[in-house]
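Below you'll find the structure, written out as structure tokens, and then a few comments.
The values are calculated or read from the model by the stated rules, or taken from the named source; none is laboratory data. Just so we're clear, the structure is a prediction, and the values are computed from it rather than from any experiment. FYI the Cβ positions are ideal-geometry reconstructions off the backbone, even for glycines, and counts take in every protein chain you see.
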Amino acid sequence: MRVAAATATAAASFRLPDVALIALQVCLALACLSLLAKLLLVAIRLALRKTAFNYVPFSHDLTNVLVTDCTHPHARTLTHHKGQRNPARLRPSDTSTGLVLNALKAAAWTAGQAYEWCQLPHVSTNHFDVDSFLAVWCYINRTLALQHEAVLRHMARIGDFREAFLSPQLVATHGSEDGISNIRDAFTALKLVCWLNSLERSRFSAPYEARDCDAKFAFFLPRFGGVLANPEAVWQEWQDEYREVVSGFDVLTGGPPSVERYGSVGLVVLRPPEPSLHYYSLFSHTIGYDTVLTMYDNQRYELESKYTQFICCHSRPVWPRIDMGPLARMLNRMEADALGPQLSWTSARFTDTGPVLRIEDAAAPLSKAARYGHPYARHLHCSTLPPATMVALVVSFLEYGMQGLKPKRGGWSWDELQSLNSGIAWQVWEEAVWRQWERGELDPDAYAASAANGAAAVGRHRRQGSLSGGGAGASPRVGVALNPGGGFCEPSLSEPSAIMPMDDVRALAGAVPPRLAAGRWQLLYSSGRDGVSLRTLYRKAAGRAPTLLLVREAGGAGHVFGAYAAEAWRPGPRFYGTGETFVFLLQPHRAKFPWQRPRQHGGAVAPPPQHATGVPAAAAAAAAAAGGGGGGSLDFFQFSTHEGLGVGGCGTFALWLDNELCEGTSYPCDTFCSPQLSSREEFRVAAVELWQL
């Protein structure tokens, strides 16, 4: 028995290692088979590798054809358009030319679909432009294309987005997106694009007309390689347009600053004097932005959604495209009696390649070539709106349409854009703007006069690198209209408010920082519950932040307004708070006025603040001293003493309440570029509430 047990034990001890060894052998065998299969697949791919490729006309029945720079119901694609059928795991690019180059660089061992699709013998596209031509040419002429990769990538960007890196600063900031490391290559790309454009215009139909697409490919495909190798040999064919672009770009860089950038909504405002500049000259100042407002002398305006929003843009986050129809409707309402029966603001839908908002003549509609051509190729009609008003309206329109959103890398799908645009309650914004328009708050001169009534001098608010545009008068501010739907979670209140109904609560939930929207809001102080006392308000607010200060003005036409304060209220000698602070209106309409960041003006800051009447002299003196040495700064947020509390500064308080919380004042305020919030500059208080969020 002992012998049998020992034998069994020995046999078991030998079985376990044997099983492990067999498993190891099986794994090694499978790995070898997998490697052999991979090698066989690579060998087959190399054996099937094509060496000759050609262009074929586009049709809806394409087999063994790669389609580029457009979509197709069933063919394989290399395109930057939304809804594409690109290879899996293909490295993204902003242009179709970039995608073709990425696919050509894919290896047989690792690339899979990208390599296989590049073995299709034919290539096609449904239109001719710089990007589509280069994508086709690169697919056919692979070795030469990879030798000039950076120049070709930048050519495609210039052709599609009208963005040329025409200064060392642009090359240093954005050159890596196309592999451009020096300005020489950037200018070479521009020369080659101008050669394509010039010969297309002189020999064929105008761009954007598809009548002779195949003839253009037949002409340019065999010639482009020689010009790419030596563009100076044909300098006479591109020099005129090239000089036009470069000199036009300098128009907006030399002399008075004429480019404004609003990064919070992806907007660039350009102010050339006349519509005489090439699109490349204009849009090369808009790199990194998605909407362009061009403002010419005599109040001629065009607002364009860039092509970056039409395709899948991966080099940077892209703002969603907002349908400009509601803005056109608002502008027509404001200028109904001034434009005449034939003229009206119009815009294509947001699904257009590049919708432009402009005044058009119904009796003389623009052709497609004129709509998309350079600004000097069409007649621009004059508006009655001053430039400052137009900027305020466009910024407000984009702020309202994009509230709660951020730009997204890769862009927005058509389904996302359809859902977004169909869900915006534009009537809220339109009515808020119309009320401001009827009260004259959007007129720059009236705005400046209103501010002057409240202060001896209010520093003009101008953005860095901008012109006043409209001559005299400060820039009016259209508040961000608050949507009571908002798409935000509804907060819970510790007790009902005596000032704001739930629709106002929902609207404010959409205006405060998102982290606070869905929480519990605690009523710290109520004049109806706790008595009318600033001292009591300070005591109950001690150490509690952030807060919403609500004020209801006394009288039948009394307004409801207030401020979001980021820091706890405390008596002291200086301004405090952060840039999250904003003021708002709830009645007679809802609008939010966020902080306007400090800007310098021609190397000097704005004039020091001079404070309003209606504020106790001691408080005004303390507030003036509270700014320290930064006289022209716009970062005046909260100010509180035992004589009263105020919000905003740099000239006048947006809101001031006295020490008894019985009287207050409100004036246009440069900190927020806000108008007077109350119906009267000096008003009596009906109720005050302070909520902690």
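Answer with yes or no whether residue 211 is free of Cβ contacts under 8 Å to residues at least 24 places away in the same chain, in a helix (DSSP H, G or I) and assigned by TED's automatic domain parsing to the domain that holds residue 146.
Taking the combined requirement at face value, the residue does not satisfy it.
Would you mind stating whether residue 227 is out of contact with any Gly (no Cβ under 6 Å at 6 or more places or on another chain), at pLDDT 95 or above, surrounded by fewer than 20 Cβ atoms within 10 Å (Cβ to Cβ) and in a helix (DSSP H, G or I)? Step through it out loud before you land on a result.
Working: out of contact with any Gly (no Cβ under 6 Å at 6 or more places or on another chain): yes; at pLDDT 95 or above: yes; surrounded by fewer than 20 Cβ atoms within 10 Å (Cβ to Cβ): yes; in a helix (DSSP H, G or I): yes.
Yes; evaluated as a whole, the condition is true for this residue.
Which condition from (1) surrounded by fewer than 16 Cβ atoms within 10 Å (Cβ to Cβ); (2) at pLDDT 85 or above; (3) within 26 Å of the chain's Cα centre (by Cα) is the one that residue 570 breaks?
(3)
With (1) touching a residue at least 24 places away in the same chain (Cβ under 8 Å); (2) over 31 Å from the mean Cα position of the chain (by Cα) as the list, and residue 512 as the residue in question, which single condition is left unmet?
(2)
Within region 327-371, how many residues turn out to be assigned to a helix (DSSP H, G or I) and not basic (Lys, Arg)?
Total meeting the criteria: 8.
Please go through (1) surrounded by fewer than 21 Cβ atoms within 10 Å (Cβ to Cβ); (2) closer than 30 Å to residue 52 by Cβ for residue 168 and return the number of the only condition it doesn't satisfy.
Status for residue 168: all satisfied but (2).
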